[in-house]
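The values are calculated or read from the model by the stated rules, or taken from the named source; none is laboratory data. Worth saying up front: this structure is predicted, and the values here are computed from it rather than measured. Cβ placement follows ideal geometry from the backbone for every residue including glycine, while neighbour counts extend to all protein chains displayed. Surface areas here come from the heavy atoms of the whole protein model, side chains and all, with no ligands, DNA or RNA. Shrake-Rupley method; radii C 1.70, N 1.55, O 1.52, S 1.80 Å.
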Amino acid sequence: MLNSSLATVKNLPLKKKLSFLLKLVCFVSSVLIFCEFLIYYMVIFQCQWPEVKGGAHMGKKETSTSVLKAIILADTHLLGEIKGHWLDKLRREWQMERSFQTAVWLLQPDIVFILGDVFDEGKWSSPQAWADDVRRFQKMFKYPVSTELVVIVGNHDIGFHYEMTTYKVNRFEKVFNFTSGKLITRKGINFVLVNSVAMEGDGCAVCRTSEAKLVALSHKLNCSQQKLNHSNKSCSDVGKLPASEPILLQHYPLYRKSDAECSGEDSAPPGEKNIPFKEKYDVLSQEASQKLIWWFHPRLILSGHTHSACEVLHAGKIPEISVPSFSWRNRNNPSFIMGSITPTDFSLRKCFLPYESRVFTIYCAAGALLVILILAHFQLLTPPFYFAQRLISKHKAV
């Protein structure tokens with residue numbers, strides 16, 4: 001049987017062979033284009049900007065000009081030259097690039113925030129390796145002139161507190177124009193950028209500088225939120241800012257005991273939820289967390305670091321959203337946050353990216369189908385009815 005099938009293959013006309021080969025190439029190409037390109041459009045196209053509560057009472061023109069559309073993501077962890085295998089880097093960076101470029105093209109945000117740990121090895125990378133990582137990041141996360149990109153520093157970018165140096169901090173700040181205690185105001189909305197790695201509280205040089213800037217910014221924001229009072233001399237020389245309660249952007253979450261109270265499909269796995277968090281490592285210390293709340297009285301806190309999603313309420317009224325990792329190396333179901341923000345309100349919605357397990361399933365199913373088609377075309381796959389007929393004929397012969 002095998003010999004006859006091989007003979008059949010050899011006797012196939014060249015035109016039929018080429019036609020079948022072309023069909024195989026088209027099939028494989030279609031699967032690759034779908035899994036590596038189109039699937040990102042199909043998934044992200046389903047994500048819609050959330051509506052702000054007051055948005056229904058505003059006209060279309062007023063809504064478009066007063067609502068800031070923001071995308072928030074975290075922990076991209078671009079692999080470096082030491083721990084990063086070239087194939088792993090190629091795969092993960094392609095996934096993140098396609099997701100980011102598709103999201104920016106489809107959703108057209110006003111601003112994008114990345115909440116730290118942009119790089120995986122920034123804490124120990126050489127100048128040459130750092131330059132290469134930055135070049136790759138700028139290629140992956142390029143954005144149009146209508147969109148602004150703001151990057152927060154994380155512990156993998158400059159090291160944990162015991163690894164952090166002024167050189168590493170300056171290197172990061174030079175590339176991303178980041179300064180702890182920096183305020184950016186867009187459409188009347190105040191965002192405070194915090195270097196949470198420098199909130200150690202031990203009086204180190206970087207920590208002292210960072211905290212001093214935060215305190216000064218806190219005073220400026222508090223003066224801006226007060227009613228005009230000529231007797232308040234401490235605010236007389238302070239430049240006024242929009243009287244909008246700020247939104248804190250940082251890498252470490254504020255202090256919480258664990259992820260035990262977190263829920264949702266992208267929260268920490270059940271086996272990890274009850275593991276206690278270590279202060280100044282997994283989360284900020286209780287003291288540092290309280291300082292930030294006292295200084296700024298924020299209306300929202302956005303953080304990363306844990307690679308899992310969580311929603312926490314501080315002081316009974318201040319929500320903190322921990323944004324999960326944007327990299328498939330850390331999760332099967334990465335996502336990002338879409339925020340519609342005004343000076344007085346905000347509304348958030350999560351946008352999930354393609355599940356890697358589903359992409360893998362598509363590849364496996366396509367591979368199995370490809371094998372079946374090849375075997376059937378070359379008559380190497382015995383049809384079930386033919387196999388049964390042979391068994392019956394042998395039985396009769398006996």
>> So, in segment 261-285, exactly how many residues are of a type in the set (Ser, Thr, Tyr) and open to solvent by 40 Å² or more (accessible area, probe 1.4 Å)?
In response: 2
> Based on what the data block shows, is ARG208 open to solvent by 20 Å² or more (accessible area, probe 1.4 Å), out of contact with any Cys (no Cβ under 7 Å at 6 or more places or on another chain), at pLDDT 95 or above and not small (Gly, Ala, Ser)?
Replying inline: no
> Does segment 158-176 hold any residues that are open to solvent by less than 10 Å² (accessible area, probe 1.4 Å) and either within 19 Å of PHE191 (Cβ to Cβ) or assigned to a loop (DSSP other than H, G, I, E, B) (or both), and which are they?
Replying inline: GLY159, PHE172
>> Quick check on SER258: is it at pLDDT 95 or above, among the small types (Gly, Ala, Ser) and buried (at least 19 other Cβ atoms within 10 Å of the Cβ)?
In response: no
>> I need every pair where a residue in segment 69-85 that is more than 30 Å from CYS47 (Cα to Cα) has its Cβ under 7 Å from the Cβ of a residue that is crowded, with 19+ Cβ neighbours inside 10 Å and among the hydroxyl-bearing types (Ser, Thr, Tyr), sequence separation at least 6 or different chains.
In response: GLY80/SER125
>> Being within 15 Å of the chain's Cα centre (by Cα), surrounded by 12 or more Cβ atoms within 10 Å (Cβ to Cβ), in a helix (DSSP H, G or I) and at negative phi is the requirement here; does PHE137 meet it?
In response: yes
